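Data first, discussion second: the structure below is written as structure tokens.
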Amino acid sequence: MSPTLNPAPRRPLGVAVLALALAAAGVATMLRAIWEPFRSLFDGSVLGSPWVASTGIAAPPDGVIGALLGAAFVVSSVGLWTLRPWAWWLAVIVGGIGLVLSLGSILWMVVWAAVLVYLVVVHEFFSSLRISGRVPTH
């Protein structure tokens, strides 16, 4: 008798949609971060936002934080797409940061809150992958 193989788990549709959306958001965020240093050539602004300058804290170069956040979006999306258990945590962290950064915009707060609620709903799926060791190899 041949041994039975455990089939690779199927990616939930919501996880696939979330992975694609995070990838698009990551690419857009990184492109905007690349544009930031050049923006001052056109609008006369200087590095750093006014509230950072008023605190006396040295501001990072324009775009650095955006590039890091965009990279986190992309890494999270790749992890979600490949069903890596660590990607759930990274997506929750990125979603929390997105929620905080969207304060003041009701639409984006609702979007990020929905992302976080969905991640809570699929947490059991990612937990079962970690516990069973059934991480896909594709």
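Restricting to region 76-115, what's the tally of residues that are aromatic (Phe, Trp, Tyr) and loosely packed, with under 14 Cβ neighbours inside 10 Å?
Filtering region 76-115 down to residues aromatic (Phe, Trp, Tyr) leaves 81, 86, 88-89, 108, 112.
Filter once more, keeping what is loosely packed, with under 14 Cβ neighbours inside 10 Å: 86.
Total satisfying the criteria: 1.
So which of Gly104, Gly98, Gly26, Gly63 is more than 18 Å from the chain's Cα centre (by Cα) and either farther than 19 Å from Ser127 by Cβ or at pLDDT below 75 (or both)? Step through it out loud before you land on a result.
On the way: Gly98 fails: more than 18 Å from the chain's Cα centre (by Cα); Gly26 fails: more than 18 Å from the chain's Cα centre (by Cα); Gly63 fails: more than 18 Å from the chain's Cα centre (by Cα).
Criteria check complete, one pass: Gly104.
When restricted to residues that are at pLDDT below 90 and either in a loop (DSSP other than H, G, I, E, B) or closer than 22 Å to Ala113 by Cβ (or both), region 70-86 contains 3.
The values are calculated or read from the model by the stated rules, or taken from the named source; none is laboratory data. Because the structure is predicted, anything quoted here is derived from the model rather than measured. For neighbour counting, all protein chains shown are included, and Cβ atoms are generated from backbone atoms with ideal geometry for every residue, glycine included.
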